[in-house]
Amino acid sequence: MDQPVLDAARAALVELCESGSPVLRPETIDQTLAVAVRRWQSFSRRNDRTPDLDTRTHDLAKGLLNAFEADSTLAGPLKADYQHLAKTLANVFSTA
């Protein structure tokens, strides 16, 4: 992934963090971006089907949830926040 896309993704994460996202903190932005990029880029290797944006977004949300929540079954309402985070990043990543 090229640097302009990474910069745009980081800016989107900062904006989400500043707007009060419960799943982002300033000190986790870089780690979140690293996990998201790795998950996004490994989609084809982990899936046999042709990806569409919704499928990839859902997969990204699942990966972020699993990476940052000790027990994803207890995340409850945070699942929607991870989905929003994933959708924001997917929109940036899909421009690459």
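For residues that are open to solvent by 100 Å² or more (accessible area, probe 1.4 Å) and within 19 Å of K79 (Cβ to Cβ), tally how many sit in the range 1-32.
1
Can you list residue pairs whose Cβ atoms sit under 7 Å apart, with the first residue in the range 67-96 being more than 15 Å from A11 (Cα to Cα) and the second being assigned to a helix (DSSP H, G or I) and open to solvent by 60 Å² or more (accessible area, probe 1.4 Å)? Count only pairs 6 or more apart in sequence or on different chains.
Every condition considered, the pairs that remain are S72/N66; S94/L53.
Within the range 80-96, can you find the residues that are among the hydroxyl-bearing types (S, T, Y) and open to solvent by less than 100 Å² (accessible area, probe 1.4 Å)?
Answer for the range 80-96, where residues must be among the hydroxyl-bearing types (S, T, Y) and open to solvent by less than 100 Å² (accessible area, probe 1.4 Å): Y82, T88, S94.
For the range 37-52, state whether one or more residues are of a type outside the set (D, E, K, R) and within 19 Å of A80 (Cβ to Cβ).
For the range 37-52, residues of a type outside the set (D, E, K, R) and within 19 Å of A80 (Cβ to Cβ): absent.
For residues in the range 33-79 being touching an Asp or Glu at 6+ places or on another chain (Cβ under 8 Å) and open to solvent by less than 50 Å² (accessible area, probe 1.4 Å), which is farthest from S94 (Cα to Cα)?
Only one residue fits best here, namely A75.
The values are calculated or read from the model by the stated rules, or taken from the named source; none is laboratory data. Note that this is a predicted model, so its numbers are computed, not measured. Using ideal geometry, Cβ is built from the backbone for each residue, glycine included, and neighbour counts are taken over all protein chains shown. To get the accessible areas, we keep the full protein, side chains included, count just its heavy atoms, and leave off ligands, DNA and RNA. Shrake-Rupley method; radii C 1.70, N 1.55, O 1.52, S 1.80 Å.
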